[in-house]
Amino acid sequence: MADELNGSPILKEVLGDALPKLEVFHAKLEQEGEPRGLIGPRDVDIIWERHILNSAAIVPFVRETTDGMRFKTVADVGSGGGFPGIVAAACLPDHEFTLIEPMERRVEWLTECVDEMGLENVSIVRARSEEVITVLRKDRSMHPYAVVTCRAVAPMTKLSGWTLPLLKPQGRLVALKGRSAQAEIDKAAKMIAKYKGVRPRVVEAPVGPGLEPTHVVLVDRK
Ligand SMILES: C[S@@+](CC[C@H](N)C(=O)[O-])C[C@H]1O[C@@H](n2cnc3c(N)ncnc32)[C@H](O)[C@@H]1O
């Protein structure tokens, strides 16, 4: 079955100039996403809404954070099939994205997507986030990021230690989360504070006109 949002004006409205690149991504996901284990079998006709528009919901939060910053750097932790990192990179060509993903076959997929979509603002690092954090602590030539994004990687109790140390002071974690977002940040309060996170909060993020909004956890770095 074809994707229910194919040809919908919502796509241009939400994705703007990124749409042609994201159409390339959508076609690749439709053909290869399920056999390569990147999306579920029931997702094939809802790729736009469930994966691409859902990922794009973080874009205004990234823009708001980096507004006025000289180095608009974003690390996407656990990118998997490219959510939200590949989508956000297509929407924000003036930002530099680093996709952090440990699994080899997912790194291969991400590399193909970057090449085929012609994205010039993406680097891919095959590593666990904790490994990148260790390098960042030792190597003074490596800079922390303005924003860290992620979706469906781990609960906030774990995610705090995997993401907040990647941020520079005044940077921000932007994590796509489900309905349990508030309970997750309540449970992780100590971990968030331990890793210098402040003002953890849940906000509703619009996905598109007439579509169900999603939830985003925001945590600022002291
Ligand atoms: C459930 S998938 C979600 C993928 C994608 N973010 C999405 O929303 O579809 C979780 C991803 O996180 C990656 N991952 C798990 N632990 C990680 C870690 N410590 N650092 C970075 N990535 C990790 C996995 O390899 C996997 O690709």
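Taking H placed 1.01 Å from N in the peptide plane, check which residues at least 5 places from LEU167 or on another chain put their amide H under 5 Å from its amide H.
Amide H neighbours of LEU167, under 5 Å, 5+ apart: TYR145.
Once you list every other residue whose beta carbon is under 13 Å from the beta carbon of ARG106, what net charge do they have if Lys and Arg are +1 and Asp and Glu are -1? Present the calculation step by step, with values, prior to reporting the outcome.
Working: positive: ARG36, ARG105, ARG126, ARG128; negative: GLU32, ASP76, GLU101, GLU104, GLU108, GLU112.
Summing Lys and Arg as +1 and Asp and Glu as -1 gives -2.
Within a 10 angstrom radius of the beta carbon, how do HIS143, HIS26 rank from fewest other beta carbons to most? Show your work: numbers first, answer last.
On the way: HIS143 11, HIS26 20.
In order of increasing Cβ crowding within 10 Å: HIS143, HIS26.
Tell me, how many Å apart are the Cα centres for segment 169-219 and for segment 77-132?
Centre-to-centre distance over Cα atoms comes out at 21 Å.
Whose amide H sits under 5 Å from the amide H of LEU99, counting only residues 5 or more places off or on another chain, with H placed in the peptide plane?
Distant-sequence amide H within range of LEU99: ASP76, SER123, ILE124, VAL125.
Could you derive backbone 3J(HN,Hα) for segment 134-148 from the dihedral phi with the Karplus parameters 6.51, -1.76 and 1.60 (θ = phi - 60°), listing whole Hz in sequence and x where the residue is Gly or Pro?
Along segment 134-148, the couplings run 4, 5, 4, 6, 8, 9, 6, 7, 8, 9, x, 9, 6, 9, 10 Hz.
Would you calculate the separation in nanometres between label points at ALA183 and THR157, each defined as 7 Å from the Cα along the Cα-to-beta-carbon direction?
Distance between the two pseudo-spin positions: 1.3 nm.
Just to check I understand the Karplus step: with θ = phi - 60° and J = 6.51 cos²θ - 1.76 cosθ + 1.60, what whole-Hz values come out for segment 33-50, glycine and proline as x?
x, 6, x, 8, x, 9, 9, x, x, 7, 8, 4, 9, 10, 4, 4, 6, 5
Need the list of lysines near LYS222 for cross-linking: C-alpha distance under 21 angstrom, and skip anything on the same chain fewer than eight residues off.
The reachable lysines, counting only those whose Cα sits under 21 Å from LYS222, are LYS72, LYS138, LYS158, LYS168, LYS187, LYS190, LYS194, LYS196.
Once the dipole of segment 56-221 is set up with Lys and Arg at +1 and Asp and Glu at -1 on Cβ about the Cα centre, which of ILE185, LEU166, SER141 lies farthest towards its positive end?
ILE185
What residue among ARG151, ARG106, ARG140 shows peak mean-square fluctuation when the chain is described by a Gaussian network model with Cα springs under 10 Å?
Its mean-square fluctuation being the largest, the pick is ARG140.
Once you put a point 7 Å from the Cα of GLU120 and another 7 Å from the Cα of MET103, both along the Cβ direction, what distance in nm separates them?
3.2
For the chain, find the longest principal axis of its Cα atoms and tell me its angle to the long axis of helix 19-28, 0 to 90°, nearest 10.
Helix 19-28 sits at roughly 80 degrees to that axis.
HN-Hα J couplings of segment 66-82 from phi, Karplus 6.51/-1.76/1.60, θ = phi - 60°, integer Hz, Gly and Pro as x?
For segment 66-82, the Karplus-derived couplings read 8, 3, x, 7, 6, 9, 8, 9, 10, 9, 9, 8, x, 5, x, x, x Hz, x marking Gly and Pro.
Out of residues 5 or more away from LEU119 or on other chains, whose amide H comes under 5 Å of its own, with H placed 1.01 Å from N in the peptide plane?
When sequence neighbours closer than 5 places are left aside, there are no close amide H contacts.
Beyond 21 Å, what share of the Cα-Cα pairs of segment 56-221 is found? Please give it as a whole percent. Intermediate values should be presented prior to the final figure.
Numbers: 5880 of 13695 pairs.
Of all Cα-Cα distances in segment 56-221, 43 percent exceed 21 Å.
Considering the chain as a Gaussian network with a 10 Å cut-off on Cα pairs, which listed residue, GLY16, GLY171, GLY80, attains the greatest mean-square fluctuation?
GLY16
Once every DSSP H run of n ≥ 4 in the chain is given -39500 (n - 2.57) and the sum is divided by its residues, what mean residue ellipticity at 222 nm do you get, rounded to the nearest 500 deg cm²/dmol?
Working: 9 runs with 77 residues, N = 222.
One gets -9500 deg cm²/dmol as the mean residue ellipticity at 222 nm.
Every read-out reported here was derived from the displayed coordinates using simple, explicitly stated rules and does not represent laboratory data. The model shown is predicted, which means the values in this text are computed figures rather than measured ones. With ideal geometry, Cβ positions are generated from the backbone for all residues, glycine too; neighbour counts draw on all protein chains shown.
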